[in-house]
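The values are calculated or read from the model by the stated rules, or taken from the named source; none is laboratory data. None of these values were measured; they are calculated from a predicted model. Using ideal geometry, Cβ is built from the backbone for each residue, glycine included, and neighbour counts are taken over all protein chains shown. Side chains included, ligands, DNA and RNA excluded: accessible areas come from the protein's heavy atoms. Shrake-Rupley method; radii C 1.70, N 1.55, O 1.52, S 1.80 Å.
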Protein chains: 2
Amino acid sequence: MTKKQQPMALTPGEIEVMQVLWEQGELKPTEIEERFPRPIKNAALRFQLKTLLEKGHVTRRKEGKAYLYQAVTQREGAFKKMTRRLAESFCQGSTAGLIAELIKSEELSPSEIKELQELAAQRGAKTKSSRRRESK
Amino acid sequence: MTKKQQPMALTPGEIEVMQVLWEQGELKPTEIEERFPRPIKNAALRFQLKTLLEKGHVTRRKEGKAYLYQAVTQREGAFKKMTRRLAESFCQGSTAGLIAELIKSEELSPSEIKELQELAAQRGAKTKSSRRRESK
DNA sequence: TAGTTTCTGTAGGATAACCTACACTTTATC
DNA sequence: GATAAAGTGTAGGTTATCCTACAGAAACTA
């Protein structure tokens, strides 16, 4: 009777790799290694890719003698999952509470605050009908 | 040559315990167990308390035959650390970027948006009026 | 074709995180 | 004291995370 301990959706090390794939698209391990934000040994990187593949967060296809890796799990989904966890841990599950605490606690420049105000205003205006527009 | 793998500041299991201590103050293991958001075996809880004690996140003092545990690490500090990690992973380290993405991606009720707008407005006013804040 | 380079597959090991079991200590009760 | 109840300390085990090493396979070059 072994109690299963479910693995984290994305571990810190895995997120580092996914980050590169989310930005760059389809890459070979060597290319990921080059674009990596810190020095990483090829073998260590490949370990992360292997577990990401097993967990289904990436796919790969052969090209020449190497594989091209591509993200399956989307950045937005992963982001939501992690913010959700944070909100549950610290804010009784309320995303609004999480945002509020962030606004209160962190140092934000006046221009950043202004932008956030505008963003909230936009967001408030289109809660109902109105199609969403691209922009930024 | 063994490369050290530094432990997480607060693991998910540890946060659960700290959450109770942050809310309730000083408690005995049994009391924590009663207030715990999910069923937990006393021994499992005590394991968490032990590691929290070793890491210095809690202290304890004897009362009767049991110990009273109290948080040392403050909720705000832990919260900041975790949001910082998230911002670094997903938003190039920008807290404002993190907040923006939360506002955009999550479902917020109109009233919540209004509150956030007001909060940002307050926050903006404060920064402007007392402009000699050197920050940090 | 042989030789070299480059990439992959797999085994293995170290630490961390989580839980359980059981014996020991302390306190209260008789 | 003797005893039971409640709380503690410690040893042990399983899974997860992270990294390394080395041998083999695939492609390129001569």
Within segment B:45-55, considering residues that are farther than 12 Å from B:LEU21 by Cα and surrounded by 11 or more Cβ atoms within 10 Å (Cβ to Cβ), the one farthest from DNA strand D (Cβ to nearest atom): B:LYS55
Near pairs, Cβ below 8 angstrom, 6+ apart or cross-chain, from segment B:56-67 (open to solvent by 90 Å² or more (accessible area, probe 1.4 Å)) to any residue that is more than 11 Å from DNA strand C (Cβ to nearest atom) and among the polar types (S, T, N, Q): B:ARG60/B:GLN70; B:ARG61/B:GLN70
Enumeration of residues in segment B:10-26 that are out of contact with any strand residue (DSSP E or B) (no Cβ under 6 Å at 6 or more places or on another chain), outside any helix (DSSP H, G or I) and more than 8 Å from DNA strand C (Cβ to nearest atom): B:LEU10, B:GLY25
Qualifying position, being within 30 Å of B:LEU116 (Cβ to Cβ) and within 12 Å of another protein chain (Cβ to nearest Cβ), among A:GLU23, A:GLU16: A:GLU23
Elements of type helices (runs of 4 or more DSSP H) contained in segment B:27-106, each with 1 or more residues being within 16 Å of DNA strand C (Cβ to nearest atom): B:29-35, B:42-55, B:75-90
So A:LEU53, is it more than 9 Å from chain B (Cβ to nearest Cβ), more than 18 Å from B:LEU10 (Cβ to Cβ) and in contact with a Pro (Cβ under 8 Å, 6 or more places away or on another chain): no
Residue that is surrounded by the most Cβ atoms within 10 Å (Cβ to Cβ), among those in segment B:94-120 that are hydroxyl-bearing (Ser, Thr, Tyr) and more than 7 Å from every other protein chain (Cβ to nearest Cβ): B:SER94
Among residues of segment B:21-44, those that are among the polar types (S, T, N, Q) and either within 11 Å of DNA strand D (Cβ to nearest atom) or in contact (Cβ under 8 Å) with a residue 60 or more places away in the chain (or both), counted: 2
Contacts under 7 angstrom Cβ, first residue in segment B:72-94 being over 26 Å from B:LEU27 (Cβ atoms), partner in a loop (DSSP other than H, G, I, E, B), 6 or more apart: B:ALA87/B:GLY93; B:ALA87/B:SER94
